[in-house]
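In what follows, a structure is listed as structure tokens, so that the remarks can point back to it.
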Amino acid sequence: MSPWSLHLNICVLLLLAGVVQSEKCDEMEMGLKGAQQLDKCTSGPMTSGNLLKSLMMMNTLPGDVGRNLVKARSVRPVKEKYCKDYTQAMVNTVDNLLSPTARDSWQDLGDLERASAASQLLKSMDNTGFLMAEYLCINNSVREERNNVALEVFFVAPKKVHPVYFSFNAQDGSSDLLMLPKKEIEHHINTEGIRLVFSGYDQLADLLPLNVSSLSLKLELNASAIRPASRILSAALRPGRGDIPSQTSVGSVYLSEPVEFSLTHTVPPKDGEKPLCVYWALESGDGDQNKKGHWAMDGCSIKSTNSSHTTCHCNHLTHFAILMAPVKVELDADQTLTLTVLTWVCLIISIPCLLVSFIIFCCLQSIQSDRTTIHKNLCACLLVADLLFLITGNQTGNKVLCGLTAGLLHFLLLAAFCWMLAEGMQLYAMLVTVFESGKSRRIPMYAASYGLPAVIVMISAAVYHQGYGTDYGCWLTTERGFIWSFLGPVCVILLLNIGFLSVTFYKMCSHSPVLPQQPSRMHTLRSWTLGAFSLLCLLGLTWISGLFFISARAIVAAYVFTIFNALQGLFIFIFHCCMQKKVKKEIFRKVRRYVSSGSIFIHPSSRRTESTGLGSSSKQTLLKRFTVNKHMPTTETFNQSTAKSSSET
């Protein structure tokens, strides 16, 4: 135990003994000496236990001193001087308890203990102020100000009512201001006048626990992002005189018109944060000294705010502060309707494009390759995701269904991005591999593109399954940073794919010696890479705009995200079907065959019974070509097989 802790324990024991033996001592002097001794005992480092003992003494002293003053036969000026000395000692004690040397003691307490300790500190200061006001001369005031606390007391006579202002000047030069209007004082005053107590506290808001559930907020980010952003201002009133507190029983006073106060931001607001006007609400415990507290915001509202100050209105008097919280962006009715219509229109365009693209990639046998496999699965993932979103994406009333929908969308979209990464790797492999081995990479691609998303979704669900499904859509919540279980892998995939495609495109443009010297292969690679790179940029822009909307709350980003995300199927159809010469050529060949035979997509197994429309001379020509090719020299055969492999890949 440190010397200061031992000293404080001895002080507290002496104070407790003095309270018990108060009948044997000068009752007035005992209370003042106790407060002054407490000031000395708290002026150095202390443990959390000593902090609680000090607050317990502070909580009992105002009532004891008040009763002793009533019994004393001293004249009023003597009692006023006594109260001033006592108030100075109590303000010094609070300043000590809020100093940096006591901060560790507060942090060692649990949330409930810290809430109870803070409530005791605030109530003891209010009661000290009311005790001081009891013995003030008419229309007089007293102000005690230290580095971390300020206390100002007023007594207003019935015939001299005026508005009352209280300012708290901090060490950094900023100030907070609270104004109680004349009309409200007239409403509560009686024939004996009214007592007003104002106080300000620096550093205390940072020590109070944050109970987010008590604020009734729908947070956009996790709850730990809420933070105190001001000092604490307090206002209390009691009508008349003679109401000496025998216990700490200061509560909220409700007003007919709201009180106005302006608080300086102790921390600058971040993008997407909104100030909240809050107050410290007291909760009754098993005993008066066991009362706890929590932040609340009912009855308080923002009048105006900027980067440095927030002005609030509250319909009651209590202990006020400002919190910064990242709250959910609320779109107005017109914006919500516009985004909904855009989503449906774009999906109605996108879904048929995805379906047509999927059919083309499945049925055109001449273009079958590893790359076509990638496109088929990309289309399938996006097609199922779009249909799932249309059918159950807004079923927020059914929590189980909404959670399952969000989980499936998480898996499908991650799988789609994995297939995009597989395409980038495939194009890079085609570039650096001069001689194709003929070995398919489909099994590793299937395992990675579906296995990795499945692992991510299972881990995410195990860690925080409540993150699937929100009040405004069946998607991932942003609380506790859960959205990054999707955005994190997407950002990594986009960066990797940009790297693969950039290297591929650079080597093709620089005519690197490692490239195969085959014009058809070069043309095919260049066409595919340009298409993949263009699609990657568009889809990357989709999610970059979504991330920008989450972080910066820009409504324009919401429109960009909605349009590009819902039109992914159209982009795939354009870049991988319409812009690919081989695909167009095969489609035109099928159309010509349809004109002649009435069937477009014919599976190889049915070609034995198909009428080809070729004459006998054409059949003989094909047979002759097959015979010649069969007996071609080895070198020519090798070159043709290589070119064929390139075009199929």
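The values are calculated or read from the model by the stated rules, or taken from the named source; none is laboratory data. These numbers were taken from a predicted model, which means no experiment stands behind them. Cβ atoms come from the backbone with ideal geometry, glycine included; neighbour counts cover every protein chain shown. Protein only, heavy atoms only, side chains kept; ligands, DNA and RNA dropped before computing areas. Shrake-Rupley method; radii C 1.70, N 1.55, O 1.52, S 1.80 Å.
Can you tell me which of 103-110, 377-384 comes out highest on packing, and rank the rest after it, using the mean Cβ neighbours within 10 Å?
Descending packing order for the listed peptides: 377-384, 103-110.
Taking R0 as 45 Å, what's the FRET efficiency between ASP172 and GLU192 from their Cβ-Cβ distance, rounded to 0.05?
Efficiency computed from Cβ-Cβ geometry: 0.65.
In nanometres, what is the gap between the two model label sites at GLN368 and LYS40, each 7 Å from Cα along Cα-to-Cβ?
Each label point is offset 7 Å from its Cα along the Cβ direction, giving 9.7 nm.
If you stretched the chain out fully between ILE391 and ASP471, how much longer would it get, using 0.36 nm times the residue separation minus the C-alpha to C-alpha distance?
Taking ILE391 through ASP471 to full extension adds about 27.1 nm, to one decimal.
Given a Förster distance of 45 Å, report the FRET efficiency between TYR446 and VAL341 from their Cβ-Cβ distance, rounded to the nearest 0.05. Working shown, then result.
Working: r = 38 Å, r/R0 = 0.83.
The formula returns an efficiency of 0.75 here.
Suppose we keep just the alpha-carbon trace of segment 164-215; what are its Rg and Dmax in angstrom?
15.7, 43
Got a sec? What order do TYR450, TYR506, TYR165, TYR279 fall in by accessible area at 1.4 Å, biggest, i.e. largest, first?
Greatest to least solvent exposure: TYR506, TYR165, TYR450, TYR279.
Ranked highest first by average number of other Cβ atoms within 10 Å, how do 74-81, 31-38 line up?
The packing order, highest mean first, is 31-38, 74-81.
What does a probe at GLU257 reach in segment 297-315, counting residues whose amide N is under 14 Å from the point 7 Å along Cα→Cβ?
Flagged as within label range: 314-315.
What ranking do 124-130, 152-158 get when scored by the average of other Cβ atoms within 10 Å per residue, highest first?
124-130, 152-158
Enumerate the whole-percent occupancy of each 10 Å bin, from 0 to the last occupied one, for all C-alpha pair distances of segment 352-480.
P(r) over segment 352-480, rounded to whole percents: 12, 35, 30, 17, 6, 1.
Based on the alpha-carbon gyration tensor of segment 112-177 and its eigenvalue square roots a ≥ b ≥ c, which shape applies: rounded if a/c is under 1.5, prolate if not and a/b is larger than b/c, or oblate? Intermediate results must be reported in sequence, preceding the final value.
On the way: a/c = 2.47, a/b = 1.40, b/c = 1.77.
Taking the square roots of the gyration eigenvalues as a ≥ b ≥ c, segment 112-177 is oblate.
Skipping prolines and chain starts, which residues have an amide H placed within reach, meaning under 5 Å, of the one on GLU260, given they are 5 or more residues away or on another chain?
Sorted by chain and number, the residues that satisfy this are MET179.
Once phi is turned into θ = phi - 60°, what whole-Hz ³J(HN,Hα) does the Karplus curve with 6.51, -1.76 and 1.60 give for every residue of segment 345-362, x standing for Gly and Pro?
Running phi through 6.51 cos²θ - 1.76 cosθ + 1.60 with θ = phi - 60° gives 4, 5, 5, 5, 6, 6, 4, x, 5, 5, 5, 5, 4, 4, 5, 4, 5, 7 Hz.
From the square roots a ≥ b ≥ c of the eigenvalues of the alpha-carbon gyration tensor of segment 42-100, which class results: rounded (a/c under 1.5), prolate (a/b over b/c), or oblate?
Note, shape of segment 42-100 comes out oblate.
Amide H to amide H, which residues 5 or more places from GLY193 or on other chains are under 5 Å from it, using H placed in the peptide plane?
GLY240
Of LYS33/LYS182; LYS40/LYS79; LYS507/LYS582; LYS123/LYS183, which ones are farther than 31 Å apart at the Cα?
LYS33/LYS182
Relative to the present Cα-Cα distance, how much length would full extension add between LEU355 and VAL463 at 0.36 nm per residue of separation?
35.3 nm
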